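Worksheet: one structure, shown below.
The values are calculated or read from the model by the stated rules, or taken from the named source; none is laboratory data. Quick caveat: nothing in here was measured; it's all calculated off a predicted structure. Here Cβ is always computed from backbone atoms with ideal geometry, including for glycine, and neighbour counts include all displayed protein chains. Side chains are part of the model used for accessible areas, which takes the heavy atoms of the whole protein and leaves out ligands, DNA and RNA. Shrake-Rupley method; radii C 1.70, N 1.55, O 1.52, S 1.80 Å.
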Amino acid sequence: MQWFSKLLSKLISDAGETATGGNRNIRIDGDSTGDIQTGDHNVITRIYQKFLLAGAPRTSPRKLRDAYLSRLMNRLGYLTLEGIDPKAVSAEPEARLQLRSVYTALLTRESEQKGEGDADFTETMRSDRAALRPALALLNEHDRLVLLGDPGSGKTTFARFVALCMAGELLGKDDVNLRLLTYPLPDDEGKDTDDPQPWDRNALLPVYLVLRDLAAAELPEDEPGACVIWQFIRSSLEEAGLGDYFPHLHRELLEKGGLLLLDGLDEVPEAESRRDRIKAAVTDFIATCGRCRVVLTSRTYAYHRQDWRIEGLYETVLAPFSDGQIHRFVDRWYSHIAELRGMNPADAEDRTVLLKRAIFGSHRIRELAERPLLLTLMASLHAWRGGSLPEKRQELYEDTVELLLDWWETAKRKKQGTGGDAEWEPSLTEWLRIDRDQVRKLLNELAFKAHESQPEARGTADVPEDDLINGLMDLSPKKDLRPRLLADYLCTRAGILLPRGVKVYTFPHRTFQEYLAACHLTELDYPDEVSKLARKTPERWREVTLLACAKAAAGATSTVWQLAEALCWREPDDPEAGTEDDWGAQLAGQALAESADLRRVGDHNKAKLNRIRRWLVRILEGNGFPARERAIAGRSLSVIGDPRFQADFFCLPVDERELLGFRYVPAGSFLMGSDKTKDSMAADRETPQHTVHLPAFFIARFPVTVAQFRAYVKNSGKQPGDEDSLK
């Protein structure tokens, strides 16, 4: 209490007030506060606020307010790609994107008390689009709002954007204001819908606080709850040279109200009981500012812990991006990139189309794009690569994993200081004194173990905190590491590993879990270990196997054929062949179709190729596999070569041709056209009626594919456009 004693002494001295007796009776402006007793926070708060509000400003309140709002817009108005795309760090101004130019309105659904650990949670949100509502609509309806979501789902961006637009409206900006805040939502194609998002009031004075920065500040001991935050706001304004504005900000928030945006409750570390103190301060601050609207953000799993909840706040959860939101983000992204880089508008439009085609052309990439952070990563890769994503998904995953690892691992700016100075906390590798490659290998191993033990075939697995912490500590030569500090360090970061529950982490998407597990298996007795897993439990290990094949093939093409042999070494007619051999052949076919260079197949690999072809024909024509798997076998055959098409189709027996989906029609005559004497409605082109003699022919049971028509052209010698090409 030494700090507060000095404060009280100064207050009494400055105001000329008296204190008498054993218990101090304080009079302020003739109003007795009564005896100050230990723990009497109401009286202490009044005295503390009296001290904070002391002093006359030297500048007009209006100018101070405008300076505060301008500074807020400058702080919140840009998104930096530093830490997201290393290539953008030296590419100013491209590394600073205007938030107003790329922001895409977010959708929410009411919390169902499910966290990120619930495998059905995201799927439920994705399927029930009718229940989704704009985040702004919830803020419009509820004075006290908790915005929950996964890391990278847009919580912080929403809070920053709302504060930015409020500040712009209060400053009379033409391009950043309430009109931008309430811009209509996109339809499924990304086009504007008819109605703006709801906001039924004027602009509110915004106060944006990063709670992790508050926790990192020097918090005076035994200070009353809300006073912790008031003191932090005052100190922050003083650092910016706006200390004179604090009394006016304080008065306006208490008397008129405003908008308090409290970002990242879950990112407050537990060390030194700071988490409990910050929660108490936030709770008291919200209660004190009764006229203010409040937005509190947190990760879902953390807030659903009972000891984190704050009473009286309405909960809503951010939903994954819809198709329309993805379309709109990509449109705005390339429009802004074109503006920054002086790109031709037509080129920007072409790149927009290419990026959308890459996203919507693959269901796995489409799933990645549902999370704003991952969509931003892909858009960044696409832009800095000159308008393309890696053609092979293994390369895309590798690039994205490296960006996520970089964002998770590198040094972080902790707190903005006076004049733009910043405090930095060291990167993970600097702090632990280990090599980045060691961290990557540990993550690969953790992903493999998590995938191996996961009972479900969807969603991401749990990574126990102890496994992560112990693994990192084992790598570090430092002997004075404290596990709790390391846990706090990791818990406040988003990237390649995300906190999901109490002492539990996970990967941001199943794709990354599978890819990292694949990387581990390429270094673990490849190809024997991965082929053994795939043949025994194909549904769990299919994607891992295909990614491991692609990863290994990037180093040596011969590894594809080694894996194919390990997966499928028996012939289809081998009496010992069983279900594992069926699956081995199926996965071998997919691996060859995705990763092998089939233009140059050595003599020693031709026997393997033909064996796998025969297996796939057996799978395709049999009834042992589901229709979906038979279709996959057919697609693999279309790439690696269907042995049934190796012979001249027209030389095949009728029964073999019918197996290919055709039906035999014998030679015969039929009556073609109409007779006007019998059909008065017949058109001239339908007459005269006549007999046509047709030779025997085959007709397809299903629509003819391009590949089938190509085979027809090749065998018939006819060309498209010939008058008799279809005869």
**Item:** Selected residue (criterion: surrounded by the most Cβ atoms within 10 Å (Cβ to Cβ)) from residues of the stretch 115-150 that are at pLDDT below 80 and closer than 24 Å to residue 282 by Cβ
**Value:** 116
**Complete:** Going through (1) in contact with a Ser or Thr (Cβ under 8 Å, 6 or more places away or on another chain); (2) modelled with pLDDT of 90 or more; (3) more than 16 Å from residue 145 (Cβ to Cβ) one by one, residue 252 fails only at (1)
**Item:** Verdict on residue 503 being basic (Lys, Arg), at pLDDT 95 or above and either open to solvent by less than 10 Å² (accessible area, probe 1.4 Å) or in contact with a helix residue (DSSP H, G or I) (Cβ under 9 Å, 6 or more places away or on another chain) (or both)
**Value:** no
**Fill in**
Within the stretch 372-395, of all residues that are assigned to a helix (DSSP H, G or I) and more than 15 Å from the chain's Cα centre (by Cα), the one surrounded by the fewest Cβ atoms within 10 Å (Cβ to Cβ) is 395
**Fill in**
Over the stretch 235-288, the set of residues charged (D, E, K, R) and part of a loop (DSSP other than H, G, I, E, B) is 256, 270
**Message:** I'm told residue 312 meets every condition in (1) open to solvent by 20 Å² or more (accessible area, probe 1.4 Å); (2) part of a helix (DSSP H, G or I); (3) closer than 19 Å to residue 225 by Cβ; (4) touching a residue at least 24 places away in the same chain (Cβ under 8 Å) except one. Can you identify the failing condition by its number?
**Reply:** (2)
**Request:** Please find, within the stretch 454-464, the residue that is nearest to residue 512 (Cα to Cα) out of those that are without any contact (Cβ under 8 Å) to a residue 60 or more places away in the chain and open to solvent by 20 Å² or more (accessible area, probe 1.4 Å).
**Result:** 460
**Prompt:** Can you name every residue in the stretch 198-249 that is modelled with pLDDT under 90 and either acidic (Asp, Glu) or at positive phi (or both)?
**Reply:** 213, 218, 221, 222, 223
**Item:** Residue count for the stretch 617-638, restricted to those that are buried (at least 18 other Cβ atoms within 10 Å of the Cβ) and either more than 20 Å from residue 578 (Cβ to Cβ) or modelled with pLDDT of 95 or more (or both)
**Value:** 2
**Message:** Conditions first: (1) open to solvent by 10 Å² or more (accessible area, probe 1.4 Å); (2) modelled with pLDDT under 90; (3) not aromatic (Phe, Trp, Tyr). Residue 498 passes all but one, so which condition is the exception?
**Reply:** (1)
**Request:** Identify the residue in the stretch 598-616 that is part of a loop (DSSP other than H, G, I, E, B) and not small (Gly, Ala, Ser) and, among all such residues, is surrounded by the fewest Cβ atoms within 10 Å (Cβ to Cβ).
**Result:** 599
**Prompt:** Hey, residue 365 hits all of (1) at pLDDT 90 or above; (2) among the β-branched types (Val, Ile, Thr); (3) in a helix (DSSP H, G or I) but one; which does it fall short on?
**Reply:** (1)
**Fill in**
Checked the stretch 565-597 for anything open to solvent by less than 20 Å² (accessible area, probe 1.4 Å) and either acidic (Asp, Glu) or in contact with a strand residue (DSSP E or B) (Cβ under 8 Å, 6 or more places away or on another chain) (or both); matches are 581
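Each row is one residue, and each column tells you yes or no for (1) at pLDDT below 85; (2) touching an Asp or Glu at 6+ places or on another chain (Cβ under 7 Å); (3) of a type in the set (Val, Ile, Thr).
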position: 653; (1), (2), (3): yes, no, no
position: 675; (1), (2), (3): no, no, no
position: 680; (1), (2), (3): yes, no, no
position: 713; (1), (2), (3): yes, no, yes
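Report whether or not residue 508 is open to solvent by less than 20 Å² (accessible area, probe 1.4 Å) and at pLDDT below 80.
No; evaluated as a whole, the condition is false for this residue.
Listed here are the residues, each with its yes/no results for (1) open to solvent by 30 Å² or more (accessible area, probe 1.4 Å); (2) closer than 25 Å to residue 324 by Cβ.
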position	(1), (2)
158	no, yes
167	no, no
173	yes, no
181	no, yes
185	yes, yes
188	yes, yes
191	yes, yes
195	yes, yes
200	yes, yes
**Fill in**
Out of (1) surrounded by fewer than 22 Cβ atoms within 10 Å (Cβ to Cβ); (2) among the aliphatic types (A, V, I, L, M); (3) within 27 Å of residue 624 (Cβ to Cβ); (4) within 23 Å of the chain's Cα centre (by Cα), the one residue 544 does not meet is (1)
**Asked** What number of residues within the stretch 339-354 are within 20 Å of residue 192 (Cβ to Cβ) and buried (at least 19 other Cβ atoms within 10 Å of the Cβ)?
**Response** 2
**Request:** Restrict the check to the stretch 467-483 and report whether at least one residue is open to solvent by 90 Å² or more (accessible area, probe 1.4 Å) and either touching a residue at least 24 places away in the same chain (Cβ under 8 Å) or within 14 Å of residue 520 (Cβ to Cβ) (or both).
**Result:** no
**Asked** With (1) open to solvent by 30 Å² or more (accessible area, probe 1.4 Å); (2) touching a Lys or Arg at 6+ places or on another chain (Cβ under 8 Å) as the list, and residue 539 as the residue in question, which single condition is left unmet?
**Response** (2)
**Asked** Does residue 513 satisfy being among the polar types (S, T, N, Q) and open to solvent by less than 20 Å² (accessible area, probe 1.4 Å)?
**Response** yes
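Please pick out the residue among 331, 284, 276, 323 that is out of contact with any Asp or Glu (no Cβ under 7 Å at 6 or more places or on another chain), over 19 Å from residue 229 (Cβ atoms) and of a type in the set (Asp, Glu).
After ruling out the rest, the residue left standing is 331.
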**Prompt:** Which of (1) open to solvent by 70 Å² or more (accessible area, probe 1.4 Å); (2) modelled with pLDDT of 80 or more; (3) not hydrophobic (A, V, I, L, M, F, W, C) is the odd one out, the single condition residue 416 does not satisfy?
**Reply:** (2)
